[in-house]
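What follows is a set of notes on a single structure, which appears directly below.
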Amino acid sequence: MPTNPSILITGCSSGIGYACAKLLKARGYFVIASARNPTDVERLRQEGFTTIMLDLADSASIKAAVAETLSLTGGTLNALFNNGAFGQPGAVEDLSRDVLRFQFETNVFGTHELTNLVLPIMRKQGYGRIIYNSSVLGFVAMTYRGAYNASKFALEGLVDTLRLELHGVNVQVCLIEPGPIISAFRSNAFALYQRNINPEHSFHKETYQAIEARLQKEGPVAPFTLPAEAVAEKLIHALEAKHPKIRYYVTFPTYLMAILKRLLPMSWMDKVLRKI
């Protein structure tokens, strides 16, 4: 059984999850890197990771993943990094009930279910860290990102409540809130846009043309975009600090939006967000 601190990370196929898994493994952590695609799981295994399959949209997969994790660690778990998520683009009025539900299945419901299965383990062992990868869009809303906005707002509400309820328990709960990060997030979002949004029958048809161009553009599309390792650095602090922060901002836009939200009247804030 591993003697190094153990951490289960969701969504390790690319981007933030992959960068965090690599950095923590190099730092001496026993990393259980999970992904929902068998091909990604095998690729990660060939790179030397301890891997498991975990699809946050599937309760059976979540339960099996927790059981396999505990088998690998000998029944304990130091930390959980809830990173797995995706973003469904589209105007709010173009989001069907099923599309919105699918967004929540992974970003909220699956993450919630996984956390609830891990918490009793941490309570029993008397310690633990649970870190959630949220977003600047978890506290400010931006146009044509309504499904993702809603899922991250909901996630942050659950996390803030959980933190209050865990007062006095040696299980620390933290949020990481990145802005623009280099990852496969945009290409994955474009695939979902093509599958679930019909621009030809939308009031927002002209705007969607610009959205399609942005989603297909290679490389960073927003100023101050940082590599995924910037999130990994915050994760290390959240895992190792004696008194971790409740929220970790990543990228200048996140810091800026947090300041503006505190200072500006809501109508002024709306004007700022409409221009982004």
Q. Between residue 3 and residue 237, what FRET efficiency follows from the Cβ-Cβ distance if R0 is 35 Å, with the result rounded to 0.05?
A. 0.95
**Q.** Distance in nm between pseudo-label sites at residue 99 and residue 262 (7 Å out along the Cβ direction from Cα)
**A.** 3.6 nm
Q) With θ set to phi - 60° and the Karplus curve 6.51 cos²θ - 1.76 cosθ + 1.60, what are the ³J(HN,Hα) couplings of region 221-229 in order, to the nearest whole Hz, using x for Gly and Pro? A) 10, 10, x, 6, 5, 10, x, 4, 4
**Q.** For the chain, average projected area of the Cα convex hull in nm²
**A.** 14.8 nm²
Q: Mind checking which aspartates and glutamates have their Cα closer than 13 Å to the Cα of residue 205? Skip sequence neighbours fewer than 8 apart in that chain.
A: 93, 94
Q: Would you please give the residues with an amide H less than 5 Å from that of residue 6, counting only those at least 5 places away or on a separate chain, with H modeled from the backbone geometry?
A: 30, 78, 79
Q. If contacts are Cα pairs under 8 angstrom and at least 6 residues apart, what is the relative contact order of region 1-68 in percent?
A. 26 percent
Q: List 212, 165 from most exposed to least, where exposure is judged by having the fewest other Cβ atoms within 10 Å.
A: 165, 212
Q: Pick out which of 121, 62, 52 has the largest mean-square fluctuation in a Gaussian network model of the chain, springs linking Cα atoms closer than 10 Å.
A: 121
Q | Candidates per trypsin sites (Lys or Arg not before Pro) in region 190-276, loop by DSSP, up to 12 other Cβ within 10 Å | A | 217, 242
Q. Taking the Cα centre of region 6-275 as origin and charging only Cβ (+1 Lys, Arg; -1 Asp, Glu), how large is the dipole, in debye to the nearest 20?
A. 680 debye
Q) In whole Hz, what ³J(HN,Hα) sequence does region 92-102 give by Karplus (6.51, -1.76, 1.60; θ = phi - 60°), x for Gly and Pro? A) 4, 6, 9, 8, 6, 4, 5, 5, 5, 4, 4
**Q.** Computed [θ] at 222 nm, deg cm²/dmol, the chain (DSSP H ≥ 4; -39,500 (n - 2.57); rounded to nearest 500)
**A.** -15500 deg cm²/dmol
Q.
Using amide H atoms built in the peptide plane, which far-off residues or other-chain residues are under 5 Å from residue 247 H to H?
A. 175
Q | Exceeding the 22 Å Cα-Cα cut-off - candidates 124/242; 217/275; 152/242 | A | 152/242
**Q.** Whole-Hz couplings from phi, Karplus 6.51/-1.76/1.60, listed for region 114-130; x for Gly and Pro
**A.** 4, 4, 5, 7, 7, 4, x, 5, 5, 4, 5, 7, x, 6, x, 10, 10
Q. Considering only 254, 193, 13, whose Cα is most displaced toward the positive end of the charge dipole of the chain, charges sitting on Cβ of Lys, Arg (+1) and Asp, Glu (-1)?
A. 254
(Q) For 51, 111, which order do you get if you count the other beta carbons within 10 Å of each Cβ and list the fewest first? (A) 51, 111
(Q) How many angstrom lie between the Cα centre of region 1-70 and the Cα centre of region 105-164? (A) 18 Å
Q. Taking only Cα atoms, what is the 0 to 90° angle, nearest 10, from helix 266-275's long axis to the longest principal axis of the chain?
A. 80 degrees
Q | Within region 71-132: Cβ-based charge dipole about Cα centre, in debye rounded to nearest 20 (Lys, Arg +1; Asp, Glu -1) | A | 460 debye
Q: Going by C-beta contacts inside 10 Å, put 106, 207 in order with the fewest on the left.
A: 207, 106
Q) With labels modelled as points extended 7 Å from the Cα through the Cβ direction, what inter-label distance (nm, one decimal) is found for residue 271 paired with residue 252? A) 2.3 nm
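FYI, it's all coordinate maths here, none of it is from the lab. Remember, it's a predicted structure, so these values are computed and weren't measured experimentally. All Cβ positions, glycine included, derive from the backbone under ideal geometry; neighbour counts span all protein chains shown.
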